[in-house]
Each structure stands twice: as C-alpha cells, then as structure tokens.
1. From the phi of every residue in the stretch 177-185, what ³J(HN,Hα) in whole Hz does the Karplus formula 6.51 cos²θ - 1.76 cosθ + 1.60 yield, where θ is phi - 60° and glycine or proline is x?
2. When the chain is fully extended, how far beyond the present Cα-Cα distance does ASN32 get from SER138, taking 0.36 nm per residue of separation?
3. With a Förster radius of 25 Å, plug the Cβ-Cβ distance of ASP149 and ASP62 into 1/(1 + (r/R0)^6) and report the FRET value to the nearest 0.05.
4. Which order do the peptides 112-125, 34-47 come out in when sorted by mean C-beta neighbours inside 10 angstrom, highest first?
5. List the residues whose amide H sits under 5 Å from the amide H of SER191, counting only those 5 or more places along or on another chain, with H placed 1.01 Å from N in the peptide plane.
6. Measure out, as a whole number of angstrom, how far apart the alpha-carbon centroids of the stretch 38-111 and the stretch 176-243 sit.
7. For the chain, state the semi-axes of the equivalent ellipsoid (square roots of 5 times the eigenvalues of the alpha-carbon gyration tensor), sorted largest first and rounded to whole angstrom.
8. Amide H of ARG211: which non-local residues (sequence gap of 5 or more, or other chain) have their own amide H closer than 5 Å, using H built in the peptide plane?
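Read-outs throughout are calculated quantities, based only on the coordinates presented, and are distinct from any laboratory measurement. In this text, all values refer to a predicted model and were calculated from it rather than measured experimentally. Cβ: placed from backbone, ideal geometry, glycine included. Neighbour counts: every protein chain shown.
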Amino acid sequence: MTAKKIASLLTPALLLLLPALRAPAAPNPDINKYTSTHVKTLQLSSDIVTENQGELKKISGDIALAYRLHRGSMQYEQPGKLRINASVPIFGAGHYTINGNKKATVAPFYHRVQDVTGAPGKKQTLLDFGLVPPELLSEYDATYLGVQDGLVEYQLLPKIKTEPLKNIVWIDPKTKITVQRYNYDRDGKLSKWFLYKNPVQIAPGVYVPTRVELYNPQNKLAGATVYQNIKVNQPLSEDTFKI
C-alpha cells in the first residue's frame, strides 16, 4: 500500500479526532469576579438633576414620588446594610434603612419596621447604585448570557421562586460597574431600565458611577441623579444602620 493511499485512509479518522484534540472551551465567567468585594463601606451624597414626572408616572410603583426628594445621601456597609437619608419637603428629614432582613422607614410621625425575609425585591442594595454586592448572590441566581460590546451580561433571578422579579445587567469587566440594568416586573414585562455613567476611581481598583439615568418602558428619560462626595472603606458608626 502506497504512502498516499495510507494517508487518504487516515485523514477521515484524524478529522474525527480533532474535536477531542482541541483545547477545551473556556468556562463561563463567574459573576463573583465582578462583585464589589473590596467595597466594605460606601458613602455618597446624591442630587436629582432631572425629574420628568410625566415619564416617571409611566413606571409602576412609587418611584415618581421618590424623585421628588431632590437631595439625599447613602451609606452602605458589607454585608447587606444600607441607609438612605432624604429631606421630605415641608415634613422634614427621613431615612430608609436595610439591615439584613429588617427594613425600617422613618419620617416625621412615622416609623415602620418590616421583616423582608424571602422578599429580596423589597430591599434596595448596591445594585441600585451600579455595583453588584457579593451578598446579593445569597438571594439571587446569576446566569451568564454572553458578552455584548465588551460588557459581560448576566440574568439575576431571586432564588425564591415566588419572587419572579428579574434583572438583566451588563457589567464592565474593568470597573465592575453595571453599565446598564433592565428591571422586569412579575409578569415579565420591562418595568424600567438604568444607565450608570461617568465612573470615577475612588480607590485603587474601586470604581463608582457618578451619574444614573432612569428610563421608562417607552425608553424615555424619566430621571437622572448625580453622586458626589464619594468615600469608600471609611469607618461608619454602629448606629448608622440601627433599626
């Protein structure tokens, strides 16, 4: 048998072996590598610079009312502690505090504490401020969807199936900021979406967006907020998150 004949017989067999000889496909990137693990505390002040009540009212819930609170501040401590302070026109100052599964809403002549165990959709987290806190993944499953324009895309679904709220996030792998986030309601319809813009590096490897734009399901700009006086990993008083 000639060498040419032997080669012609071996070629199909070698082609069948090629898939096994190729390097294995890279595993889907774990969202944990994009969380804000190094942000132990975060503080900032906020100013609402755009408030379009006509477009805000096309978004379900009470977000239109929230955008009337033009100036406020936020404090966060890992894991799962968050406080938002705001001045309520005419009525004075109030705050909203999350500490684990306890949620407190405090305003003049009003103080309500709720147990939000099993209801992650009722808690604000750093996700609302453009970062994925590591503790979020104790309540949400993350599914890798691919890469789009250099941004890593994930679906976030509550582990508790009675909470069918869904978020789709696009994360910048360098800054770990959720550049874009889509929020869907219980019926699977787009409720609202956000752009997190103008990131600044507050500490080595720690980036925070300084502008957040809110859009309604009709893709109209409904509101915009800017963040200032940003501090990371500075000590906070134990009373900050007292419920």
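1. For the stretch 177-185, the Karplus curve yields 8, 7, 4, 9, 9, 9, 10, 10, 7 Hz.
2. Gain in length upon complete extension: 37.0 nm.
3. 0.15
4. Values: 112-125: 14.5, 34-47: 18.4.
Taking the mean over residues of other Cβ atoms within 10 Å, the ranking is 34-47, 112-125.
5. Hits under the 5 Å cutoff: ASN183, TYR184, ASP185.
6. 12
7. Working through the eigenvalues yields semi-axes of 45, 20, 18 Å.
8. Amide H neighbours of ARG211, under 5 Å, 5+ apart: LYS197, TYR227.
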